[in-house]
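Readers should treat all values here as calculations from the given coordinates under stated rules, not as data from a laboratory. Because the structure is a prediction, the values reported are computed rather than measured. Ideal geometry is used to build each Cβ from the backbone, glycine not excepted, and the neighbour counts take in all protein chains shown.
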Amino acid sequence: MGVFEILAAWFALSLTGALAPGPLTAAVVMQSSKYGRLHGILPMVGHAIVEVGIIAAIIISVQALTLTPLMIDLLVGFGGIVIILFGFLALRDYRYREEMRSKDATNMTASSVIEATTQGAAVSILSPYFLLWWFGVGLANVTVLVGTLQIGVGTVFLAGVLIYITHVSTDFIYGAVLTLGTDVATKKASVGDINWVSVVIGFVQIGLGIWFVILAAPGLIALIG
């Protein structure tokens, strides 16, 4: 296979991670419904920053890293708690105020950008979906891709850059479609001054977080016991 065919296959594989429902999807919807479409893409920026570190670690041969069952339970449990907190943050902004939407175009602040970007990074690091995809799919494939691509492009560094750009492009394509759809849906889902998109996302995140905590509970209880 040539370089183009290899990257096309990696793009298709990366879509399986980008399209998986989870807290990152909820973060994009939450920010888009709260501030508008430009803010909606910022969690994907935080997600992409995290993935720079992951792909870099794999390329410099940290692919031998493994997670023990206890480590997985700790990450899942703590991640569930964080996702629940983000759910309550979404519910806190249940009121629809038109002036909030104007911030996206005219009053974007450093704090709001940092908040949205940090949320994307946090839910990525703490999401079991994210961890399982990288340890179950991404790690082995990136290791093989680097070894194969460097023959065609000449250097490991360039191979890593191509792998990273191809992968994150799927995240940003999905994020753009999601945030534009949410922007339209938020306007239609507002009854009175209630932003029902934010309400639904809040309850979904709380439910998802509780589910993660329940999944992690047996291992944590065994540790305490």
Under the Karplus relation 6.51 cos²θ - 1.76 cosθ + 1.60, θ = phi - 60°, what is the ordered set of whole-Hz ³J(HN,Hα) values for region 4-14, x standing for Gly and Pro? 4, 5, 4, 5, 5, 5, 5, 4, 5, 5, 5
Which length gain, in nm to one decimal place, applies between L223 and V184 when the Cα-Cα distance is subtracted from 0.36 nm times their residue separation? 9.4 nm
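If you count, for each residue, the other Cβ atoms within 10 Å and average over each peptide, how do 5-12, 121-128 line up from highest to lowest?
Values: 5-12: 15.2, 121-128: 22.5.
Most protected by this proxy first, the peptides run 121-128, 5-12.
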Added length on full extension, which subtracts the Cα-Cα distance from 0.36 nm per residue, A110 to F203: 30.7 nm
Tell me the label-point distance for the pair F135, A12, using the 7 Å Cα-to-Cβ offset, in nm and rounded to one decimal. 2.8
